[in-house]
């Protein structure tokens, strides 16, 4: 991505403006949901290769950036936290990708984008950072929106509801990943941080793929391998990595607001692509408006309270 930082201290000015980085990252994340629908591989395999290709690229970058390793002092607890963050990221990818084969792209992407709500809840429990009344109002509105989407999928059967639950689980997992990793990001260079966390997640998937009886890691057509590479290049290296970059220089609520564009972009892509042509139903649209409105309300209230460093989580 051409992004670089010093690994030790927080720079006064970002070497690349974080606003454009976030804009590119959101655009890249938006096409993940639609293109996954074109793959014939199991969700576990898609996630495994998406992360493995990303780690391979990161390894090349780190080989030419020895400064990323200098002055790094991680305690055993830091390493345990990094491992837990990687496992939660792996769980997020598995549950979300699995949801795409059971429910619509719009429902899946909107529900997984409820992650700021769960960040607020987890921050209250684990970081002792309590949400304001306005944030809780936002949470209630967003949960209502999720219920509207779930009710709309009720008529489509238990399969769609299972997909909705998996997408929501993906939001919970990625929220835990961001809450655990928020301090590590301040200690580590961007590329070293994502190398450790993405590497743990990739390793977990490769092990599961090797032992799973119905999840062969090889033997897929060329189209699948192109999809794996596209997911690594765009949603991972531009999307997730771009968000992690921006969060060192911007308050997290700004990143959360930017990421609310992802479900809108994914729904539009799934609607406009002739091969998918998923026209969002009225209940999906109403639910999406409630979810995004609730998240925006909660995050704006967080902005008004001053958003002390570390209060909000990363998104993505």
Query raised in the report: How much of the calculated P(r) for region 26-79 lies past 17 Å, in percent of all Cα pairs?
Result: 61 percent
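Could you compute the FRET efficiency for residue 147 and residue 124, with r as their C-beta to C-beta distance and R0 at 25 Å, rounded to 0.05?
It comes to 0.70.
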**Report entry** Extension reserve of the residue 101-residue 289 stretch, reckoned as 0.36 nm per residue once the Cα distance is removed
**Finding:** 65.3 nm
Report task. Please work out the FRET efficiency for the pair residue 65 and residue 38, using the Cβ-Cβ distance as r and a Förster radius of 30 Å; give the result to the nearest 0.05. Result -> 0.30
Report summary line: Rounded to the nearest Å, the spacing of the alpha-carbon centers of region 92-148 and region 162-214 is 17 Å
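For residue 271 and residue 186, calculate 0.36 nm times their separation in residues minus their Cα-Cα distance, and state this gained length in nm to one decimal.
The span from residue 271 to residue 186 would gain 26.7 nm if fully extended.
Give me the number: length gained by fully extending residue 23 to residue 226, i.e. 0.36 nm times residue separation minus the C-alpha to C-alpha distance, one decimal in nm.
70.7 nm
At 1.306 mPa s and 10 °C, plugging the Kirkwood radius over alpha-carbon pairs of region 59-214 into Stokes-Einstein gives what diffusion coefficient in µm²/s?
The diffusion coefficient I find is 92 µm²/s.
Using square roots of five times the C-alpha gyration tensor eigenvalues, list the equivalent-ellipsoid semi-axes of region 18-304 in whole Å, biggest first.
28, 25, 17
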Report task. For an R0 of 30 angstrom, estimate the FRET efficiency from the Cβ-Cβ distance between residue 162 and residue 80 and round to the nearest 0.05. Result -> 0.40
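Computed from the coordinates by the stated procedures, all read-outs in this text should not be read as laboratory data. Since the model is a prediction, treat every value here as computed from it, not as a measurement. Cβ sites come from the backbone with ideal geometry, for glycine too, and all protein chains shown count toward neighbours.
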